[in-house]
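See below for the structure under consideration.
The values are calculated or read from the model by the stated rules, or taken from the named source; none is laboratory data. Keep in mind the model is a prediction, meaning the values are calculated, not measured. We place every Cβ from the backbone using ideal geometry, glycine too, and count neighbours over all the protein chains shown.
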Amino acid sequence: MTAGRGIVHSERSPKAELATNPKLFGMQTWLALPDGAEEIDPAFEAQTGLPWIEDGNARACVVMGELWGAKAPTTTHAATIYAEIVLGAGGSLPIDAEADERALMLVEGAATIDGIALNPYELAVLAPGKAMRLASDTGARVMLLGGEAFASQRHVFWNFVSSSRERIEQAKQDWREGRFPRVPGDEAEFIPLPDRPKTVSYP
């Protein structure tokens, strides 16, 4: 989903499924739009057939961008790397130094980067320009993310992200006063703007 100049959406599960208490294993990631593209039209796409790369006891699904010669069909607006890496016991993969910024997050199992253990659900930011190796003795699932560095800083408040503090203030006011459209079929529910968001904020 590309938020661009602003988008609203609703996430719902069918009541019949909720009764069985289903569980979802996933990761929600926000990727800032580059300078000059922050106010593009909002959009949504669903992609299937993402490319997988396999090398012995290691395989990776390229979710966004290009990695190890494979390119995902997902729309990107800046140079991006986003991949799910699954390591079997004794598996390893190189983490190249092509991107300006790179980070790893261990979401299952145990893994190391150049011999240093990764902590579960902790973002490990990698040193720029240094080729490294991701490995696991027992098996692991790791997310790799990164891409080009932006020249301008980004500010965050709740669900609003922008390089302009003034634009965030305008979005907050627009939300309070109902100037965002309602989600078709879910017009009854409205989430008020929080005084202090639970998300990390840089207003």
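Report yes if A89 is at pLDDT 95 or above, of a type in the set (A, V, I, L, M) and not in a strand (DSSP E or B), otherwise no. Yes; evaluated as a whole, the condition is true for this residue. Out of L145, L126, one residue alone is within 22 Å of A32 (Cα to Cα) and touching a Gly at 6+ places or on another chain (Cβ under 9 Å). It is L126.
If you go through the range 170-184 and keep only what is assigned to a loop (DSSP other than H, G, I, E, B) and without any contact (Cβ under 8 Å) to a residue 40 or more places away in the chain, you end up with E177, G178, R179, P184. A Cβ distance below 6 Å, combined with a sequence gap of six or more or placement on separate chains, defines the contacts here; from the range 94-118, residues that are under 24 Å from A79 (Cβ atoms) reach residues that are charged (D, E, K, R) and assigned to a loop (DSSP other than H, G, I, E, B) in the pairs A97/K130; D100/E148. Condition check for E45 on (1) more than 19 Å from L106 (Cβ to Cβ); (2) surrounded by 15 or more Cβ atoms within 10 Å (Cβ to Cβ); (3) not β-branched (V, I, T): one failure, at (2). Does P73 qualify as being under 17 Å from the mean Cα position of the chain (by Cα) and over 18 Å from M27 (Cβ atoms)? Judged against the criteria, P73 is a match. Within the range 103-127, the residues that satisfy the criterion of being among the small types (G, A, S) and within 26 Å of A149 (Cβ to Cβ) are A103, A111, A124, A127. For the range 30-68, a tally of residues being touching a residue at least 12 places away in the same chain (Cβ under 8 Å) and either part of a loop (DSSP other than H, G, I, E, B) or more than 18 Å from P94 (Cβ to Cβ) (or both) returns 24.
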